[in-house]
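Student: Would you mind keeping the following structure in view while I ask a few things?
The values are calculated or read from the model by the stated rules, or taken from the named source; none is laboratory data. Everything numeric here is computed off the predicted structure, so don't read it as measured data. Glycine gets a Cβ as well: all are built from the backbone with ideal geometry, and neighbour counts include every protein chain shown. To get the accessible areas, we keep the full protein, side chains included, count just its heavy atoms, and leave off ligands, DNA and RNA. Shrake-Rupley method; radii C 1.70, N 1.55, O 1.52, S 1.80 Å.
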Amino acid sequence: MKELSLNILDIAENSVKAKATLTEIKIVEEGDKLTLTIKDDGCGMTDEILKTVTNPFYTTRTTRKVGMGLPLLKLEAELTGGNLSISSKHISEYPDEHGTVVTAVFHKNHIDCTPLGDVVASITTLIQGHPDTDFLFVHKKEEREVLLDTRELRGVLGDVPLNTYDVIKWIEEYLNEQYI
């Protein structure tokens with residue numbers, strides 16, 4: 001993918017499809033290293049599926065026969081000298097602690113490092129498209145931390161849906177202000 005923000009969007013969409021009620025998206029930048037972690041409380045994956053998810057010729061979709069999201073993320077990380085790890089607990093084996101964690105490590109100064117891209121657009125798109133799902137977004141850099149937790153927004157907004165125009169515009173502006 002052209003930007004890591006598109007990988008974030010793709011993987012978080014998979015979390016929503018796995019019936020996650022909370023998806024945590026964390027980006028930590030320390031020195032030359034960027035670590036992207038996406039954690040959800042969805043139904044998780046069995047060990048059999050977990051072994052095949054980085055194979056581009058495996059997908060759970062019925063509309064096409066290939067799945068490129070995780071294989072591309074793995075390739076992008078490895079091209080920089082980084083790595084990808086995935087852990088998952090399936091709901092059938094772990095009824096109280098199920099979900100998936102995807103962690104990708106990139107070396108930012110490597111010539112093949114994919115740019116982060118428009119993370120704000122990806123986060124607002126996720127919230128707009130899935131207003132009943134909660135998202136925790138954290139981007140830590142040495143000089144600042146960008147944070148948005150939709151659970152806090154729900155506490156303030158009450159019955160106002162997160163995908164109303166005014167709320168989405170506020171989220172976009174709020175996130176952009178934190179990056180200034």
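Student: How about the range 1-36: which of its residues are more than 11 Å from residue 106 (Cβ to Cβ), more than 11 Å from the chain's Cα centre (by Cα) and not in a strand (DSSP E or B)?
Tutor: 1, 2, 3, 17, 18, 19, 20, 21, 31
Student: Based on this model, can you work out whether residue 150 counts as touching a residue at least 24 places away in the same chain (Cβ under 8 Å), crowded, with 17+ Cβ neighbours inside 10 Å and among the hydroxyl-bearing types (Ser, Thr, Tyr)?
Tutor: The answer is no for residue 150.
Student: From the list 78, 30, pick out the single residue that is without any contact (Cβ under 8 Å) to a residue 60 or more places away in the chain and farther than 16 Å from residue 10 by Cβ.
Tutor: Of the residues listed, the single one that is without any contact (Cβ under 8 Å) to a residue 60 or more places away in the chain and farther than 16 Å from residue 10 by Cβ is 78.
Student: May I ask you to list the residues in the range 155-168 that are open to solvent by 70 Å² or more (accessible area, probe 1.4 Å), in a helix (DSSP H, G or I) and over 10 Å from residue 128 (Cα atoms)?
Tutor: 156, 166, listed by residue number.
The rows are residues; the columns are (1) within 13 Å of residue 175 (Cα to Cα); (2) more than 17 Å from the chain's Cα centre (by Cα).
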| position | (1), (2) |
| --- | --- |
| 106 | no, no |
| 112 | no, yes |
| 117 | no, no |
| 123 | yes, no |
| 128 | no, no |
| 135 | no, no |
| 142 | no, yes |
| 150 | yes, no |
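Student: Here's something else I'd like to know. Taking only the range 37-55 into account, find how many residues are hydrophobic (A, V, I, L, M, F, W, C) and either part of a loop (DSSP other than H, G, I, E, B) or open to solvent by less than 40 Å² (accessible area, probe 1.4 Å) (or both).
Tutor: 4
Student: Please work out which one of (1) open to solvent by 70 Å² or more (accessible area, probe 1.4 Å); (2) within 26 Å of residue 48 (Cα to Cα) is the condition residue 100 fails and give its number.
Tutor: (1)
Student: Could you tell me whether residue 142 is touching a residue at least 60 places away in the same chain (Cβ under 8 Å), exposed (fewer than 15 other Cβ atoms within 10 Å of the Cβ) and not in a strand (DSSP E or B)? Before you say what the answer is, go through the steps one by one.
Tutor: On the way: touching a residue at least 60 places away in the same chain (Cβ under 8 Å): yes; exposed (fewer than 15 other Cβ atoms within 10 Å of the Cβ): yes; not in a strand (DSSP E or B): yes.
So residue 142 passes the test.
Student: If you don't mind, there's one more thing I want to ask. Which numbered condition trips up residue 50, out of (1) of a type in the set (A, V, I, L, M, F, W, C); (2) touching a strand residue (DSSP E or B) at 6+ places or on another chain (Cβ under 9 Å); (3) closer than 23 Å to residue 147 by Cβ?
Tutor: Against the list (1) of a type in the set (A, V, I, L, M, F, W, C); (2) touching a strand residue (DSSP E or B) at 6+ places or on another chain (Cβ under 9 Å); (3) closer than 23 Å to residue 147 by Cβ, residue 50 comes up short only on (3).
Student: Quick check on this structure: which one of 136, 84 is crowded, with 17+ Cβ neighbours inside 10 Å and assigned to a strand (DSSP E or B)?
Tutor: Every option except 84 fails the conditions.
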